[in-house]
Amino acid sequence: MENNRQTPPEGHQPPHLPQSARLPLNRCNLPAVLLGSLTYQQHPVPLEVDGIRDFHADLFRTLASMTQHQERAQRFMDYVTVNFLLDELDEAGLMPRRGRRSRANANYLRLVRGWSFDSDGREGAVLKRWVESRFGLLARHHAGPLRDRGSATYRCYERQGTQGLYATNALESQLDLLYSYCQYELARQCPGTTHLTLYRGINRIDEHEALDNCGRGRFRVLLNNLNSFTCSRERADEFGDYILMAEVPLPKLFFYNRLLPGMLKGEDEYVVIGGIYEVVISTL
């Protein structure tokens, strides 16, 4: 992990987060126009989903007394299982329906594993809509561009997100707690660190919305509101002809494969909240 802060050239104003890429309200301590900005990438501050650390204060007090990551991870998973009645769904009021596949067994772990298999599937739609509601950053792509809200692609995205949440047990609240735990672990394991250098393989430079070409392979791009990265440049090279490198603020890490046992199939995978980033795109 590295503390790399980028500053724009003198006299050059960074691009603003377009209004079409954000909501006016969210459920965290910064508005979308700020947390999705290039300034935030350069000078991040902690992000918190409203009320989660206070509501689950007992969990975080317990975690504070544990010195081993593995012990804390197991405690977190046990807490979520008990708090959301994941092993006692009938007590949570969830009953399977005849002739239809029940969504009652959907939980935070199944969601993130589904993302790892297909980020444009139903699980990916749920996660992107969660980012929209909590951070106010609108999804830009899901099995196609989402700029036209009247398009069939956008309607499919909305439908998948709604179906993914229907008849589940406080699934978005489980995701709130997952993000908060991820941030807690990063603060414990990486004190004083602000950024992590991450990589993403792409096949075309125009796969991402470029807002500014800074020269020498540097671009300012508007990323989707949720994205997969890796900390391994060699791993990223397997997924595209170009390598996109970004200095990602730690508060924009939603989860990563080593956070919990058996969480993601991809080695060294990090799931990153979007917005405007200055990145380097190269073929080497």
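The values are calculated or read from the model by the stated rules, or taken from the named source; none is laboratory data. This structure is a prediction, so every number in the text was calculated from the model and none was measured. All Cβ positions, even for glycine, are placed from backbone atoms using ideal geometry, and neighbour counts span all protein chains on display.
Screening the candidates Leu223, Leu171 for the property of being over 16 Å from Val280 (Cα atoms), of a type outside the set (S, T, N, Q) and within 20 Å of the chain's Cα centre (by Cα) yields one hit, Leu171.
Residues considered: Glu234, Glu247. Of these, the only one that is in a strand (DSSP E or B) and either out of contact with any helix residue (DSSP H, G or I) (no Cβ under 6 Å at 6 or more places or on another chain) or assigned by TED's automatic domain parsing to the domain that holds Glu185 (or both) is Glu247. Within the option set Pro44, Pro24, Pro18, being closer than 19 Å to Asn227 by Cα and over 19 Å from the mean Cα position of the chain (by Cα) holds for one residue only, Pro18. When each of Gly240, Gly201, Gly262 is tested for being touching a Gly at 6+ places or on another chain (Cβ under 8 Å), in a loop (DSSP other than H, G, I, E, B) and surrounded by fewer than 21 Cβ atoms within 10 Å (Cβ to Cβ), the lone residue that passes is Gly240.
Among residues that are at pLDDT 95 or above, within 30 Å of Phe219 (Cα to Cα) and aromatic (Phe, Trp, Tyr), Tyr79 is not included.
Just one of the listed residues (Glu132, Glu158, Glu172, Glu185) is among the acidic types (Asp, Glu), more than 24 Å from Cys231 (Cα to Cα), touching a residue at least 60 places away in the same chain (Cβ under 8 Å) and assigned by TED's automatic domain parsing to the domain that holds Met66, and it is Glu132. Counting the residues of the stretch 106-139 that are out of contact with any Ser or Thr (no Cβ under 9 Å at 6 or more places or on another chain), outside any helix (DSSP H, G or I) and at negative phi gives 5. Considering every residue within the stretch 170-182, establish whether at least one is modelled with pLDDT under 95 and surrounded by fewer than 18 Cβ atoms within 10 Å (Cβ to Cβ). Scanning the stretch 170-182 turns up at least one residue that is modelled with pLDDT under 95 and surrounded by fewer than 18 Cβ atoms within 10 Å (Cβ to Cβ). Confirm whether Val33 is of a type in the set (A, V, I, L, M, F, W, C), modelled with pLDDT under 95, under 26 Å from Ile276 (Cβ atoms) and assigned to a helix (DSSP H, G or I). Spelling it out, it is not the case that Val33 is of a type in the set (A, V, I, L, M, F, W, C), modelled with pLDDT under 95, under 26 Å from Ile276 (Cβ atoms) and assigned to a helix (DSSP H, G or I). Taking the stretch 44-89 and the helices (runs of 4 or more DSSP H) fully enclosed by it, the elements with 3 or more residues that are free of Cβ contacts under 8 Å to residues at least 12 places away in the same chain are at 57-64, 69-83.
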